[in-house]
């Protein structure tokens, strides 16, 4: 274990050092929340994807593929790849330009308020509430993954491992803010890429050396996008729709889209998009392959399917190299949790406290409140993640749907529809969030299948925005701002 522990100590040391390094230059809330819009295209690309995928990519998705094959994991991955491309292609530059023109908005809630001319900031307030609700849940999923990781590697008690993970994440998020989070995300993204490539290749080589015939023993239905490997029957159309619906979630993720807002030069977004797409396609494919390979690599079924990647790493690599791969898994967890806590802190300090309680709050006070909020969100998430039997994939799916339905519809129509009003946006946020939560709690079965809560949530949100906007009228300054943004985007088309 000495080599593994050495790798972890080096990794933790680098992460914390980055946080304290950027602490010196983090003097305002803008620095802390958006890094003063100074991100390099490579950092923006890798940071966005690393904060997106989380421990779900290295634990949840391989575990899903290990249990259900391609029939569920495959459609989810396809939806995510499509969503990633559409987000970078049609949202990134528009959001970067529009947020700067809309009174230099530095949070997504502030952008909603400025874009729709919501003078009383109702959209900002309600958005902040949903951010806190869903991000506490989402952050909890990362803590669950961290607890499982430390338990699998070191045999530590689940709770002890989780607390170690929480302390490290809070340390560098608390000190360095947005730039520290983005740089650590970039390092973690490269580690994740390395880990997802090397482990399955070595495992496959070991299988071939033992006899290629073992590969033929896999259930052929595990490799089918259309058949349930358990029953051999064709899957429900709802499962396909639900998997693809994950792609829509990208449009509303408050921990991903700030990377678009923070990129230094909007003209670099096409290059960033290409980097992001290569990373996403390779890592998603590798994660699923690991899950499928696990069915023949392990002669005895795993008690905890979501640890298939960890167990495969233990069986294929040695000492320090295995430690680096484990750090890649931990990096996936930490990159997302830190981004989520940062966004939640901005929602409270900027969109609630400054807007409604102290409009003249100093930058120093807002910075302090942001950091205190990080600790509060972490504490709330820990209470949710106390159960070691919680599913990382299940928790993430609820939060992902919540943000997709709550913010995705509003952001899309806000960027592309001139007549959208603040009343319509508010209705969309409320209906999207409530329907997702209600659908999840009721868990209705339709025609023998379950439909992912993202789908009804998005439909409800879109209809609410459209119908309410038809009955209301946007102010002239709102449409003038929209026209100015469209004109600038036209000059910068990609």
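No lab work stands behind these numbers, since they all come straight from the coordinates. Since the model is a prediction, treat every value here as computed from it, not as a measurement. Here the Cβ positions follow ideal geometry from the backbone for every residue, glycine too, while neighbour counts run over all protein chains shown.
Sort the stretch 356-461 into rounded, prolate or oblate with this rule: let a ≥ b ≥ c be the square roots of the eigenvalues of the Cα gyration tensor; rounded if a/c is under 1.5, and if a/c is not under 1.5, prolate when a/b is larger than b/c, oblate otherwise. Oblate, because a/c is 1.5 or more while a/b does not exceed b/c. Descending by average beta-carbon neighbour count within 10 Å, the peptides 160-170, 145-155, 265-275, 479-489 line up as 145-155, 160-170, 265-275, 479-489, the highest first.
Which order do the peptides 127-134, 83-90 take when ranked by the mean count of other beta-carbon atoms within 10 Å per residue, highest first?
Packing order, densest peptide first, comes out as 127-134, 83-90.
Note on the chain: helix-only mean residue ellipticity at 222 nm, from DSSP H runs of 4+ residues weighted -39500 (n - 2.57) and normalised by residue number, equals -24000 deg cm²/dmol. Using the Cβ-Cβ distance between residue 202 and residue 416 with R0 = 41 Å, the FRET efficiency computed as 1/(1 + (r/R0)^6) comes to roughly 0.30.
For the chain, the longest principal axis of the C-alpha atoms and the axis of helix 2-23 are separated by about 10°.
Figure the gain on full extension for residue 384 and residue 368 (residue separation times 0.36 nm, minus the Cα-Cα span) and round it to one decimal in nm.
Length gained between residue 384 and residue 368: 3.2 nm.
The label-point distance for residue 265 and residue 304, in a model that sets each label 7 Å from Cα toward Cβ, rounds to 4.6 nm. Put a dot 7 Å past the Cα of residue 156, heading toward its Cβ, do the same for residue 376, and the two dots end up 2.8 nm apart.
With the simple spin-label model, which puts each label point 7 Å out from Cα in the Cβ direction, the residue 357 to residue 318 separation comes to 5.7 nm.
Sort the following peptides by mean Cβ neighbour count (other Cβ atoms within 10 Å, averaged over residues), highest first: 240-253, 298-311.
Ranked by mean Cβ neighbours within 10 Å, highest first: 240-253, 298-311.
Overall shape: prolate for the stretch 2-389, with the ratio a/c of the largest to smallest alpha carbon gyration tensor axis at 1.5 or above and a/b above b/c.
Footprinting exposure proxy ranking of 14, 374, fewest other C-beta atoms within 10 angstrom first, gives 14, 374.
Could you work out the relative contact order of the chain? I mean the mean sequence separation of Cα pairs under 8 Å and 6+ apart, divided by the number of residues, in percent.
Result for the chain is 32 percent.
Can you bin the stretch 98-170 into rounded, prolate or oblate? Criterion: square roots of the alpha carbon gyration tensor eigenvalues sorted a ≥ b ≥ c, rounded for a/c under 1.5, prolate for a/b above b/c, oblate for the rest. Verdict is prolate for the stretch 98-170.
For the stretch 265-296, the residues whose backbone nitrogen is under 14 Å from a point 7 Å from the Cα of residue 218, taken along Cα to Cβ, are 285-296.
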